[in-house]
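The values are calculated or read from the model by the stated rules, or taken from the named source; none is laboratory data. Quick caveat, the model's predicted, so the values are computed rather than measured. For neighbour counting, all protein chains shown are included, and Cβ atoms are generated from backbone atoms with ideal geometry for every residue, glycine included.
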Amino acid sequence: MKKLSHYDDAGRVRMVDVTAKPATSRTAVAHAFVRMQRATVASIKRLKSPKGNPLEVARIAGITAAKRTSELIPLCHPLALTHVDVRAKLCQNGIEITSEATVTGPTGVEMEALVGAAVAALTIYDMCKALERGMEITELHLVKKSGGRSGTYVRPGGPSRKSGNR
């Protein structure tokens, strides 16, 4: 039976000891979606913002956040990421975000990919809130991961099942 790894036998919170785990190549991909009105999407297409292109600012914010995940999530190990890529794609009803993180190390990079996607989505909200305050950040999830003892995981149903017309 599986158990939560961040608790010891006495039920105390702990950082997982990865000392004895071999360093292997590990990759994770995460997804998020910022749902917004079509008028907001149209405005973003035309936007000449003094803050910069919101998709590019979100991309850089997501990369930076992925690199700093252990500072945000208390029990995450600091990892020397070998690659991070965040993509933001304008769609009919919002912005689709994909974040990918890679490391050669003793623990996975799922949290780094998820934090990258989440912060990119939050940055989109910050950059576009003057146009629409009712935007929703949805569909934050792990799409796939590979490497490590548990092997490969691929989310059933593909990267996203609810986004509707993109």
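Here LEU131 does not fit the description of being modelled with pLDDT of 95 or more, at negative phi and either loosely packed, with under 14 Cβ neighbours inside 10 Å or not in a strand (DSSP E or B) (or both).
Can you find a residue that is in contact (Cβ under 8 Å) with a residue 24 or more places away in the chain, over 15 Å from the mean Cα position of the chain (by Cα) and closer than 30 Å to SER5 by Cα anywhere in region 55-78? Yes, there is a match, as at least one residue in region 55-78 is in contact (Cβ under 8 Å) with a residue 24 or more places away in the chain, over 15 Å from the mean Cα position of the chain (by Cα) and closer than 30 Å to SER5 by Cα.
Contact map, region 12-25: first residue of a type in the set (S, T, N, Q), second residue assigned to a loop (DSSP other than H, G, I, E, B), Cβ cut-off under 9 Å, separation 6 or more or different chains; pairs are THR19/PRO106; THR24/PRO106; THR24/GLY147; THR24/GLY148; THR24/ARG149; SER25/THR82; SER25/GLY147. In region 1-33, the residue that is modelled with the lowest pLDDT out of those that are more than 17 Å from HIS83 (Cα to Cα) and not in a loop (DSSP other than H, G, I, E, B) is TYR7. Per the listing THR64, THR98, the residue uniquely at pLDDT 95 or above, part of a strand (DSSP E or B) and of a type outside the set (A, V, I, L, M) is THR98. Select, from ARG38, ARG12, the only residue that is exposed (fewer than 14 other Cβ atoms within 10 Å of the Cβ), out of contact with any strand residue (DSSP E or B) (no Cβ under 6 Å at 6 or more places or on another chain) and closer than 29 Å to CYS128 by Cβ. Result: ARG38 is the single residue among ARG38, ARG12 that is exposed (fewer than 14 other Cβ atoms within 10 Å of the Cβ), out of contact with any strand residue (DSSP E or B) (no Cβ under 6 Å at 6 or more places or on another chain) and closer than 29 Å to CYS128 by Cβ.
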